[in-house]
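Accompanying notes for the structure given below.
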């Protein structure tokens, strides 16, 4: 269960998180949704196709991305929130930010319901305390390094054990701060090689030991297009394959660019799971 806006949400049925990037430089859809009309149409499409959550990001975290200023990040988010609150006020919005002040303003001033921090609290030392004080679900992500350098030869002694150790210590600290609604994101592509990413996917089920909702975001990422020698635009099929594997191995939320296809994926996997229970 997750407490979202004072309501308990049963996470036994996986949720689809639809991506709205209001950035000029995101790896797949950068520059598409930077004005009001484009944001409006993207929101309408994401919600009409069945997204349970809208994840908005205003600062690209692709490998090698440089940080934009907090003022610029907030300017971009303000345009999104103006449209969302006026036309889609019931949408559950997750704000994708690693800055505590942006998270606070998004929640307190604009009604954001979830904080999605790709840095695992590692960039802004105030993020954990801020998230706990806001009493909204927090996505705790695993990352090695920061976006500017995270793909510079990442190394692990034991990938899964290292990720579990990271989560264990961070969860304990968040609990000390009074945070209860924690979502885990193992951070596909964040400080991981191609081989690391596929090892992580193959052993994803081991992260269920924490008994917390698990978010998987692999939509059109390099682990697909590098393996298949193609481009992000041609990675829908690969994305669906990996989303299916993730759902079969315990994913509670899948974060995607292509909502309709993800919703169909969830429905099919849930049907298969229901039949295995009928035996």
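Return the FRET efficiency for the residue pair residue 264, residue 3: r is the Cβ-Cβ distance, R0 is 30 Å, and the value is rounded to the nearest 0.05.
Details: r = 28 Å, r/R0 = 0.95.
After rounding, the FRET efficiency stands at 0.60.
Rounded to whole Å, give me the distance from the Cα center of the range 161-208 to that of the range 75-120.
Their Cα centres are 23 Å away from one another.
Would you calculate, for the chain, the mean residue ellipticity at 222 nm contributed by helices, counting each DSSP H stretch of 4 or more residues as -39,500 (n - 2.57) and dividing by all residues, to the nearest 500? All intermediate terms of the calculation are to be shown ahead of the outcome.
Values: 9 runs with 116 residues, N = 279.
Using -39500 (n - 2.57) per qualifying helix, the result is -13000 deg cm²/dmol.
Calculate how many DSSP beta bridges within the range 1-153 are antiparallel, expressed in % of all such bridges and rounded to the nearest 5.
Antiparallel bridges: around 15 percent, rounded to the nearest 5.
Considering the chain as a Gaussian network with a 10 Å cut-off on Cα pairs, which listed residue, 237, 116, 249, attains the greatest mean-square fluctuation?
Between 237, 116, 249, it is 237 that shows the largest mean-square fluctuation.
Give me log10 I(q)/I(0) at q = 0.10 Å⁻¹ for the range 158-251, Debye formula, one equal scatterer per alpha-carbon, no solvent.
Log10 of I(q)/I(0), two decimals: -0.28.
What does the extension gain come out to for residue 86 and residue 34, with contour length at 0.36 nm per residue minus their alpha carbon separation?
17.0 nm
Computed FRET efficiency, Cβ-Cβ of residue 70 and residue 271, R0 41 Å: what is it to the nearest 0.05?
0.35
Pick from 56, 95, 83: which is most flexible by mean-square fluctuation in a GNM of the chain where alpha carbon atoms under 10 Å apart are linked?
Result: 83 has the largest fluctuation of those listed.
Between residue 234 and residue 133, what's the calculated FRET efficiency when r is the beta-carbon distance and R0 is 45 Å? Round to 0.05.
Working from the Cβ atoms, E equals 0.55.
Here are some values of mean projected area of the Cα convex hull in nm²: (1) 13.9; (2) 15.2; (3) 17.7. Which one was computed from this structure?
Correct label is (1).
Take every DSSP beta bridge with both residues inside the chain and express the antiparallel ones as a percent of the total, to the nearest 5.
Antiparallel bridges: around 10 percent, rounded to the nearest 5.
Take the chain, connect every pair of alpha-carbon atoms lying under 10 Å apart with a spring to form a Gaussian network, then pick out the residue of 78, 94, 219 with the largest mean-square fluctuation.
Judging by the Gaussian network model, the answer is 78.
I'd like to know how the range 224-263 sits against the 2.2 N^0.38 Å rule of thumb: what's its Cα Rg over that expected value?
The range 224-263 yields a ratio of 1.17.
Between residue 160 and residue 13, how many nm apart are label points set 7 Å from Cα along the C-beta direction?
Label-label distance for residue 160 and residue 13, simple model: 3.0 nm.
Considering the Cα trace of the range 111-155, what is its radius of gyration and what is Dmax, both in angstroms?
12.2, 39
Each reported figure results from applying straightforward, stated rules to the coordinates on display, with no laboratory input. In this text the structure is predicted, and so the values were computed from the model without any measurement. Cβ atoms come from the backbone with ideal geometry, glycine included; neighbour counts cover every protein chain shown.
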